[in-house]
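As structure tokens, the structure follows; a few thoughts come after it.
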Amino acid sequence: MHELSIAQNIMDIVNEQLSVNNLSRVTKIGMRIGKLAAIEPASLKFCFEIIARDTKAEGAVLEIDSVPIRYRCNDCQLDFILDELDFICPNCMRNRLEIISGRELQVVEMEAY
Amino acid sequence: MKIGIVKDILEANDMIAEGNRRLFKGKGTLVMNLMSSPGAGKTTLLEKSISALKDRVGIGVIEGDIQTELDAERIHKKGVEVVQINTGGACHLDATMVSQAIEKLDLTNIDILFIENVGNLVCPAEFRLGEDMKVMILSIAEGEDKPLKYPLMFHESQVLIINKIDLLPYCDCDIMRLRENSLKINPNLNIFEISCKTGRGLDVWYEWLIKKVGGRH
Ligand SMILES: Nc1nc2c(ncn2[C@@H]2O[C@H](COP(=O)(O)OP(=O)(O)O)[C@@H](O)[C@H]2O)c(=O)[nH]1
Ligand SMILES: [Mg+2]
Ligand SMILES: [Zn+2]
């Protein structure tokens, strides 16, 4: 629901990296977004496209790698992936689970010149 | 050229939240982030809690809404310090908004600071504010399936307040099922069943709050 402010945050990171590396244009931005991050990739791309207009990021591609939800069971130590947020361990059927990935919201790579 | 970086987009928010947390800790203020869908009863619960407790503990409130000062006016009438944040469209409070709001509060006299988040069961769970605990309110008219549909918020909260139990005769909500679904997602949840209308269950909540504050001094 807050894709626009996230797009603005991405823009800030891009600008910072361009200036640190003395570059003038970004063409691709690689991201990792967890399934639990409450961010809709299509909507984020749309918002970013609008924000990037007339900037050093105009036309840059947002490449989004979706990160699945991974759990670790605190009872039997099983490490597993589920597509949904379900809180039952498939091995021991208990529910003391820790979310170890799926909440990511990261910029991990940029292509720039 | 390729630039490899790993930058958390919410890192800036987390850093500011950490600053808020340290400030609260230094002042000895217990901070609760109240989250629910619109209309579950956050402001009503605050009004009740303030009336019952303000002679025993110092209370402050930050009200978050997309627009209007209506909730801050309701709290102001109860005679405690309150700051309204208008997010201007944003679906959640963030740490910066809270850090600006606390500049307007004298935390030295505040033992408990309640932050009423924007009514929304999804986004507020993503943004740390520097709170000690997240408190979720669900009214029974919303149905027993909500923990399964909005699991992250139930997972992140330490407390679940089930409100409007006076409406049980008029709703088909199965409250045992609601408890079960909630505990399945978060076995550590402290659950309170209350009615702000009849007052049922409120005493247990007040005593729990007093104990929480007492434990910090
Ligand atoms: N029947 C009943 N109504 C309640 C109860 N608690 C709050 N309400 C009503 O629910 C509506 C929304 O409450 P409010 O506190 O403004 O919700 P908020 O949006 O979460 O702050 C108001 O009309 C309240 O009077 C309750 O326990 N029982
Ligand atoms: Mg309210
Ligand atoms: Zn297990």
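The values are calculated or read from the model by the stated rules, or taken from the named source; none is laboratory data. Keep in mind the model is a prediction, meaning the values are calculated, not measured. All Cβ positions, glycine included, derive from the backbone under ideal geometry; neighbour counts span all protein chains shown. When the accessible area is computed, the model is the full protein with side chains, heavy atoms only, and any ligands, DNA or RNA have been set aside. Shrake-Rupley method; radii C 1.70, N 1.55, O 1.52, S 1.80 Å.
Cross-link partners for B:K164 among the lysines, with Cα-Cα distance under 29 Å and sequence neighbours closer than 8 places in the same chain left out: B:K42, B:K48, B:K54, B:K77, B:K78, B:K134, B:K146, B:K149, B:K184, B:K197, B:K211, B:K212. Here r is the Cβ-Cβ distance between B:A141 and A:Q8 and R0 is 35 Å; the resulting FRET efficiency, rounded to 0.05, is 0.45. Rounded to two decimals, the Cα radius of gyration of the range B:2-216 over 2.2 N^0.38 Å is 1.01. Site-free segments of chain A were taken between trypsin sites (Lys or Arg not before Pro) in DSSP loops having at most 15 other Cβ atoms within 10 Å, sites themselves excluded; the longest one is A:54-93. B:P147: net charge of surrounding residues, Cβ under 11 Å, Lys/Arg +1, Asp/Glu -1, itself excluded? Overall, the nearby charge balance is +1.
The GNM of chain B, with springs linking C-alpha atoms under 10 angstrom apart, assigns the highest mean-square fluctuation among B:L121, B:L34, B:L70 to B:L70.
Chains B and A together bury roughly 2600 Å² of accessible area, counting both sides, with a 1.4 Å probe on protein heavy atoms only.
In straight-distance terms, cross-link reach from A:K56 covers every one of the lysines whose alpha-carbon lies under 22 Å from its own, apart from those fewer than eight places away in the same chain; here that gives A:K28, A:K45, B:K2, B:K7. All other residues whose Cβ lies under 13 angstrom from that of B:K104 are scored, Lys and Arg at +1 and Asp and Glu at -1, for a net of -4. Burial of accessible area (probe 1.4 Å, heavy atoms of protein chains only) in the range B:118-138, relative to its chain alone, reaches at least 20 Å² for B:V122, B:C123, B:E126, B:F127.
The ellipsoid equivalent to the alpha-carbon distribution of the range B:74-183 has semi-axes of 29, 17, 13 angstrom, derived from the gyration tensor eigenvalues as √(5λ) and listed largest first. Expressed to the nearest 5 percent, the antiparallel share of DSSP beta bridges inside the range A:1-90 is 35 percent. Considering only protein heavy atoms and a 1.4 Å probe, what is the carbon-and-sulfur percentage of the accessible area of the range B:1-136? Of all accessible area on the range B:1-136, carbon and sulfur atoms account for 48 percent. In terms of accessible area, using a 1.4 Å probe and ignoring ligands and nucleic acids, B:M97, B:M32 rank largest first as B:M97, B:M32. Average accessible surface for the range B:2-216: 44 Å² per residue, computed with a 1.4 Å probe over protein heavy atoms with every protein chain in place.
Expressed as a whole percent, the accessible surface of chain A that belongs to carbon and sulfur atoms is 47, based on a 1.4 Å probe. Projecting the Cα positions of A:Q77, A:A38, B:L202 onto the charge dipole of the protein assembly as shown (unit charges on Cβ atoms of Lys, Arg, Asp and Glu, taken about the Cα centre) puts B:L202 furthest along the positive direction. Accessible surface for B:K25 stands near 140 Å², nearest 10, in the context of the full protein assembly shown (1.4 Å probe). Dipole magnitude for the protein assembly as shown: about 720 debye, using +1 per Lys or Arg Cβ and -1 per Asp or Glu Cβ, origin at the Cα centre. Ordered by solvent-accessible area of protein heavy atoms (1.4 Å probe), largest first, the residues B:T43, A:T55 come out as A:T55, B:T43. Only helices enter this figure: runs of n ≥ 4 DSSP H residues, each worth -39500 (n - 2.57), summed and divided by the residues of chain A, yield -8500 deg cm²/dmol at 222 nm to the nearest 500.
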